[in-house]
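Let me begin by presenting the structure, written as structure tokens, before commenting on it.
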Amino acid sequence: MQKTVTKLADGRELVYYDPDGDVIRDATDLRTPEPAGIRPEIRLDPVLGDWVTVAAHRQGRPYQPPAGDCPLCPSRDGRSTEIPAADYNVVVFENRFPSLSAEGTGRPPDSRPPLFRAESGTGRCEVVCFTSDHDASFADLPESRAALVLDAWIDRTAELSALPAVRQVYCFENRGAEIGVTLAHPHGQIYAYPFVTPRTGKMIARAAEHRARTGRNLAEDLLAAERRDGRRLVLSGTHWTAFVPFAARWPYEVHLYPHRRVPDLPALGPAERAELPLVYLELLRRFDRLFDTPADGDDAEDRDGPKPFAPTPYIAAWHQAPRAGGEELSLHLELFTIRRAANKLKFLAGVESGQDAFVNDVLPEAAARRLRDVAS
Ligand SMILES: [Zn+2]
């Protein structure tokens, strides 16, 4: 992999990732820099103990611009975008509307009463463009490109984890307008947080309880149990296994674990890295086929209703251990869709949004069967 670090006109960093070779990346950003005025802060919810990021400047970001105005396409035909080059493979740059930034609010450690604790939103938010092809999707990428994206995730995780304020690095992709994606161009994001996220904190606590009770690691026990049981398995390779979790929250939800427990993407060995692009692409392709034909449990309305025009919306979330305190955690992917039938979405309403208590309309074992049925 060849990495070229450059700067945009307003000082943000932009990194090109290319296959090994001698690509020269010397295109200049010709735009006039605009003042960013970014002052994110994080506030501690005194009732739940969760950090909330407050980033009011994000209200002005572009929302679903027409394809001709896409800021993630390469700069061509006199139109300057976020990416100065006329073409690219994989590119990563600092988000222009970040939830977390290098400076944050620059506020000194807190002097407010303890119930109103706020800190500077110091961290980093990056955008990862998977391809220069506006109309592609991750599932369409060849294996070599998926491997290059993996190289970029690994590189970014290692680099961002080393920043002094950063405690946790999160790579993810939101796909589909139904998920709230503001730009259609195939891309993902990386958040480098100055805190441990609520979900990761909960996972650490559960793993510690399991260790105290059994003397063993929770992720290892869980993976072994799913492989033994088999009913919720989706696919199994030499180094990776994917399954629908026993208590899945989402209609179609898959967790992908490496067989050897590692804390994060940079800790993967060569054989695990080599197999991951294949396995990941296969899972995304299966998600795209989920609603092409009726599933067993679909009722008449689901079968005969209008078919969606858009591909399956999904969230692909890479869970990595934080820099400290996550020794019991295992790197894994959580991939899920909010679509529960061809023409129906699952909304987070009263019980989920109001109580964090999910109701799932699809039996996890049936979801796993369906995900095996649509294998390539
Ligand atoms: Zn585009």
Residues in region 53-60: is at least one within 28 Å of residue 137 (Cβ to Cβ) and within 16 Å of the ligand (Cβ to nearest atom)? no
Checking residue 14 against (1) within 16 Å of the ligand (Cβ to nearest atom); (2) of a type in the set (A, V, I, L, M, F, W, C); (3) more than 18 Å from residue 192 (Cα to Cα), which test does it fail? (3)
One residue is enough: does region 151-159 have a residue meeting the conditions touching a Gly at 6+ places or on another chain (Cβ under 6 Å), crowded, with 20+ Cβ neighbours inside 10 Å and not aromatic (Phe, Trp, Tyr)? no
For region 80-93, check the following and say yes or no: at least one residue is closer than 26 Å to residue 137 by Cα, at pLDDT 90 or above and out of contact with any strand residue (DSSP E or B) (no Cβ under 8 Å at 6 or more places or on another chain). yes
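Inspect all residues belonging to region 120-138 and state whether any of them is assigned to a helix (DSSP H, G or I), within 16 Å of the ligand (Cβ to nearest atom) and under 16 Å from the mean Cα position of the chain (by Cα).
Yes, there is a match, as at least one residue in region 120-138 is assigned to a helix (DSSP H, G or I), within 16 Å of the ligand (Cβ to nearest atom) and under 16 Å from the mean Cα position of the chain (by Cα).
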Which of the residues spanning region 232-259 are outside any loop (DSSP other than H, G, I, E, B) and closer than 16 Å to residue 220 by Cα? 233, 236, 240, 241, 242, 243, 255, 256, 257, 258
If I ask for residues that are out of contact with any strand residue (DSSP E or B) (no Cβ under 7 Å at 6 or more places or on another chain) and either buried (at least 21 other Cβ atoms within 10 Å of the Cβ) or under 18 Å from residue 256 (Cα atoms) (or both), which ones from region 343-365 would you list? 364, 365
From the list 76, 58, 43, 25, pick out the single residue that is modelled with pLDDT under 90 and charged (D, E, K, R). 58
Lone qualifier among 177, 162, 192 - being touching a residue at least 12 places away in the same chain (Cβ under 8 Å) and surrounded by fewer than 16 Cβ atoms within 10 Å (Cβ to Cβ): 177
From the options 169, 181, residue that is under 16 Å from the mean Cα position of the chain (by Cα), within 16 Å of the ligand (Cβ to nearest atom) and not in a helix (DSSP H, G or I): 181
Checking residue 155 against (1) in contact with a Ser or Thr (Cβ under 8 Å, 6 or more places away or on another chain); (2) in a helix (DSSP H, G or I); (3) not aliphatic (A, V, I, L, M), the condition it does not meet: (1)
Strands (runs of 3 or more DSSP E) wholly inside region 4-57 that include at least 1 residues being touching a strand residue (DSSP E or B) at 6+ places or on another chain (Cβ under 6 Å), surrounded by fewer than 17 Cβ atoms within 10 Å (Cβ to Cβ) and without any contact (Cβ under 8 Å) to a residue 60 or more places away in the chain: 51-54
Which one is surrounded by the most Cβ atoms within 10 Å (Cβ to Cβ), of the residues in region 67-95 that are among the charged types (D, E, K, R) and within 15 Å of the ligand (Cβ to nearest atom)? 82
Among the numbered conditions (1) exposed (fewer than 14 other Cβ atoms within 10 Å of the Cβ); (2) free of Cβ contacts under 8 Å to residues at least 60 places away in the same chain, tell me where residue 246 comes up short. (2)
Does residue 200 qualify as being at pLDDT 95 or above, of a type in the set (Ser, Thr, Tyr) and assigned to a helix (DSSP H, G or I)? yes
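The values are calculated or read from the model by the stated rules, or taken from the named source; none is laboratory data. All of these numbers come straight from a predicted model, not from anything done at the bench. Please note: Cβ atoms are built from the backbone with ideal geometry, for glycine as well, and neighbour counts cover all protein chains shown.
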